[in-house]
Amino acid sequence: MPVDIQTILVATDLSEASAPATAYAFSLARALNAHLYLLSVVPEDDVRLITAIRAHMQSDVTPDALVATFYTEADKRLAALVEDARATDLVHERLIVTGDPAAAIVSWAVAKQVQLIILGTHGRHGVTRFMMGSVAECVLREAPCAVLVVPAKTESADSSPSAKT
């Protein structure tokens, strides 16, 4: 059965761990001549935390202003990713939203009718993974389409002999 992927959603938290997934998405979209949606989610928990500590902040900056700053900064960083990858012709839309990251990724995949979701993983294990959960794991369970999870580069992989040649 031939696969004709024409729309891809790449989700990034703009961390170093998500960089390999973003690079892979640009390459795959270019190879398939597919439209790419670039999504960054401002976690709702972060917004709630900012709102909760507002009373204790010694600043005139409001939670709304901080969220606006998150959006502005995310948009600048997404634009820089696109420009650095020379992918302006591939990126159909840059999306910045607030919400639960996994739910937002799945929701936007449905809304944009994408055929593939690409996201990175931080590679957490044990108690850290149990306490924090895994966005990638939730997306894998709930996604309406195929999901490609790209692991973060690890120090041991970067220092391997084959990585140096």
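The values are calculated or read from the model by the stated rules, or taken from the named source; none is laboratory data. All values derive from a computational prediction rather than experimental measurement. All Cβ positions, even for glycine, are placed from backbone atoms using ideal geometry, and neighbour counts span all protein chains on display.
Structure notes:
- Considering only residues in region 111-165 that are among the polar types (S, T, N, Q), surrounded by 13 or more Cβ atoms within 10 Å (Cβ to Cβ) and at pLDDT below 90, the one that is farthest from Leu9 (Cα to Cα) turns out to be Ser134.
- Going through (1) on the phi < 0 side of the Ramachandran plot; (2) modelled with pLDDT of 90 or more one by one, Asn33 falls short only on (1).
- Selection of strands (runs of 3 or more DSSP E) fully inside region 12-127 by the criterion of at least 1 residues being over 15 Å from Val149 (Cα atoms) returns 35-43, 91-99.
- The residues on offer are Leu78, Leu39, Leu28, and the sole one that is at pLDDT 80 or above, within 17 Å of Asp100 (Cα to Cα) and in contact with a strand residue (DSSP E or B) (Cβ under 8 Å, 6 or more places away or on another chain) is Leu39.
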